[in-house]
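Okay, structure first, notes after.
The values are calculated or read from the model by the stated rules, or taken from the named source; none is laboratory data. Because the structure is a prediction, the values reported are computed rather than measured. Ideal geometry is used to build each Cβ from the backbone, glycine not excepted, and the neighbour counts take in all protein chains shown.
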């Protein structure tokens with residue numbers, strides 16, 4: 001465990017050195033957040049409630065969604081790709097730490113740094129320029145935190161599975177970008193699924209993506225009852241188990257392939 005904690009610490013220090021990337025990310029997220037907020041404000045013009053959600057709740061939804069996007073940044077795909085392209089993947093696997101454990105620790109370190117670098121500024125900007133994103137019911141905070149942790153793990157596992165495609169495709173940068181934008185669209189990050197046509201919403205509800213953004217955001221703004229949230233969190237946990245099993249299966253397959261072929 002000390003080895004992984006050292007990796008987390010090292011990644012935090014490394015992340016804090018790239019100030020230009022920080023300012024660029026804050027600017028980009030702020031533009032998306034403010035544009036989305038004014039879009040929904042215009043959409044709600046003259047209407048108090050749409051989809052069982054008020055205009056005020058939707059503003060909060062957008063701000064918290066922008067903040068969560070910071071926590072859901074992963075670098076595991078790029079790290080796997082670089083390791084495969086450089087041909088160092090076989091030697092990386094012989095190190096006294098798990099390769100994917102190392103990637104996970106690096107992502108944790110990056111996120112800890114981003115909480116202070118990006119997340120806090122985004123929340124402050126949103127509070128000043130849009131509204132203060134007050135939680136609908138503070139008693140649901142434990143559910144929200146647990147749901148966010150599980151959403152991060154689901155998102156990380158999906159990213160790791162896409163990253164392992166590099167063992168077959170060598171360069172998976174295009175697929176990573178497609179995956180990134182699809183998740184933002186299908187997870188309810190920008191447009192909640194309840195605004196989609198009923199048939200489309202049912203299909204999307206059967207996929208793991210809505211449990212990355214929409215579930216924790218729904219808990220935060222109080223859309224739905226606590227019983228409904230708990231039921232959805234059970235499904236979220238089930239998807240976490242399924243993706244973990246799939247990750248271990250694919251990981252064992254690609255590991256054997258690398259060790260046989262020598263990288």
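Which members of the range 197-229 meet the condition of being outside any helix (DSSP H, G or I) and either at pLDDT 95 or above or within 21 Å of the chain's Cα centre (by Cα) (or both)?
206, 207, 212, 213, 222, 223
Give me the helices (runs of 4 or more DSSP H) completely within the range 85-141, filtered to those with at least 1 residues that are modelled with pLDDT under 85, ordered by residue number.
Filter on the range 85-141 gives 89-92, 99-114.
I'd like to verify a number: residues in the range 188-243 that are under 24 Å from residue 132 (Cα atoms) and out of contact with any helix residue (DSSP H, G or I) (no Cβ under 9 Å at 6 or more places or on another chain), how many?
Total satisfying the criteria: 1.
Of all residues in the range 33-57, which are free of Cβ contacts under 8 Å to residues at least 60 places away in the same chain and under 18 Å from residue 213 (Cα atoms)?
40
Show the residue pairs that are 6+ apart or on different chains and have beta-carbon atoms under 6 Å apart, the first residue being within the range 182-201 and on the phi > 0 side of the Ramachandran plot, the second being in a helix (DSSP H, G or I).
Correct list of pairs: 188/210; 188/214.
Keeping to the range 203-260, report how many residues are touching a residue at least 40 places away in the same chain (Cβ under 8 Å) and under 30 Å from residue 54 (Cα atoms).
19
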